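Trainee: Mind having a look at this structure? Questions to follow.
Please treat every number below as a calculation from the coordinates, not as lab data. None of these values were measured; they are calculated from a predicted model. Cβ: placed from backbone, ideal geometry, glycine included. Neighbour counts: every protein chain shown.
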Ligand SMILES: NC(=O)c1ccc[n+]([C@@H]2O[C@H](COP(=O)([O-])OP(=O)(O)OC[C@H]3O[C@@H](n4cnc5c(N)ncnc54)[C@H](OP(=O)(O)O)[C@@H]3O)[C@@H](O)[C@H]2O)c1
């Protein structure tokens with residue numbers, strides 16, 4: 001056998017065995033994820049008499065979170081921006097769960113006006129709010145909302161911030177209430193002002209960067225809020241779902257060869273279904289133990305370390321971002337005076 005043939009066989013053997021190992025890795029990861037997630041949310045917890053709001057509940061994970069709360073008997077407010085889609089989701093949830101206390105209410109997080117109208121309606125109709133799930137999230141190309149911000153930043157951070165602060169009195173007056181923020185791996189960049197957060201190019205990298213930075217901004221704001229809620233019975237938590245198959249366009253702008261990888265490898269093997277990933281959000285909202293802690297991250301239905309260091313820089317940044325955002329979302333002093 002010639003030397004060239006031997007080398008060719010060795011290289012071929014290496015390629016084939018690597019491919020086999022890679023396939024086995026993907027298959028085992030998929031099996032691991034399926035068994036790890038499903039069936040670990042608090043079973044048999046009845047929510048009759050409780051009220052919950054889920055933003056972006058007409059599809060994706062939000063829909064399944066709302067479905068779970070409805071099955072437990074809660075009054076569920078589906079806060080969605082599209083009336084037709086929101087009402088369709090309400091009908092499906094009502095017929096599946098036989099809970100008629102599931103309602104649609106219009107909320108567009110890309111508009112401060114819409115958020116204020118939503119809150120006014122909630123305060124008119126509700127006497128309590130047990131859980132607010134800030135679930136809605138987007139990845140949008142460069143544009144400007146009616147309030148003058150990048151849509152990814154406004155829908156993922158500024159909007160939920162304004163919504164939460166305006167609902168804080170209702171949450172505070174309800175015993176053991178919880179704010180759950182659905183997030184992801186946060187950006188690790190250091191920034192001083194919100195403009196630093198936004199990359200205005202249309203590259204796929206900018207999509208991901210803006211998305212992760214908006215989640216970091218939400219994380220900083222909600223951590224500050226939880227500090228201000230220490231004396232109250234409201235806890236702030238973060239749910240970090242495993243990647244799942246939804247309409248979130250995070251990798252939409254990828255180059256063609258990466259799109260192939262995304263479709264055939266990432267989505268097939270490394271993503272769960274939306275209903276499976278939603279279990280972690282339900283766990284974060286309802287688990288009894290979660291209520292004993294303040295401002296923790298949860299993944300796979302257990303506490304998770306997001307890898308932040310609570311340095312002096314972060315504390316400084318938190319304060320700065322808080323006051324900037326108070327200004328950006330045009331909060332009036334009397335609307336957050338109970339928090340200082
Ligand atoms: N999918 C994942 O792998 C993954 C991983 C980690 C974290 N997350 C987070 O999980 C959350 C849910 O995402 P998903 O994957 O379920 O996404 P999705 O299927 O795209 O659902 C997003 C929801 O947000 C709503 N929404 C978008 N813009 C809105 C606005 N301006 N005002 C109010 N609602 C708005 C959408 O409504 P329309 O139908 O009207 O657009 C939809 O109901 C997001 O916060 C996301 O960042 C997702």
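Trainee: Taking Cα atoms, how many degrees apart are the long axis of helix 60-71 and the longest axis of the chain, rounded to 10 and kept between 0 and 90?
Mentor: With rounding to tens, the tilt is 50 degrees.
Trainee: Quick check: convex hull of the Cα atoms in segment 82-138, volume per residue, rounded to a whole Å³?
Mentor: 106
Trainee: Answer rounded, prolate or oblate for segment 38-339, using the Cα gyration tensor with square roots of eigenvalues a ≥ b ≥ c: rounded when a/c is under 1.5, else prolate when a/b is larger than b/c, else oblate.
Mentor: Since a/c stays below 1.5, the shape of segment 38-339 is classed as rounded.
Trainee: Another question, if that's okay. Full-extension gain between residue 126 and residue 144, please, as 0.36 nm times their residue separation minus the C-alpha to C-alpha distance.
Mentor: Extra length available between residue 126 and residue 144 comes to 3.2 nm.
Trainee: Separate question: I'd like the antiparallel share, as a percent to the nearest 5, of DSSP beta bridges with both residues in the chain.
Mentor: 10
Trainee: Cα axis of helix 159-172 to longest principal axis of the chain: angle in degrees, 0 to 90, nearest 10?
Mentor: On a 0 to 90 degree scale, this one is about 50.
Trainee: Among 288, 232, which comes first, second and so on when ranked by fewest other beta-carbon atoms within 10 Å?
Mentor: Fewest-to-most Cβ neighbours within 10 Å comes out as 288, 232.
Trainee: To continue, here is another question. By how many nm would the segment from residue 273 to residue 98 lengthen if fully extended, with 0.36 nm per residue of separation less the alpha-carbon distance?
Mentor: Full extension of this stretch gives 60.6 nm more.
Trainee: Out of all Cα-Cα pairs in segment 239-295, roughly what percent, to the nearest whole number, are more than 13 Å apart?
Mentor: 67
Trainee: Separate question: So how far apart, in nm, are the two label points at residue 261 and residue 203 if each is 7 Å from Cα heading toward Cβ?
Mentor: 1.6
Trainee: Also: With axes computed from alpha carbons, what is the tilt in degrees of helix 204-228 against the longest principal axis of the chain, rounded to the nearest 10 within 0 to 90?
Mentor: 40
Trainee: A further question on this structure: Any idea what the relative contact order of the chain is, in percent, if you count C-alpha pairs under 8 Å spaced at least 6 apart?
Mentor: Relative contact order here is 19 percent.
Trainee: Counting helices only, and only those DSSP H runs with n ≥ 4, report the 222 nm mean residue ellipticity of the chain as the sum of -39,500 (n - 2.57) divided by its residues, in deg cm²/dmol to the nearest 500.
Mentor: So the calculated ellipticity at 222 nm is -15000 deg cm²/dmol.
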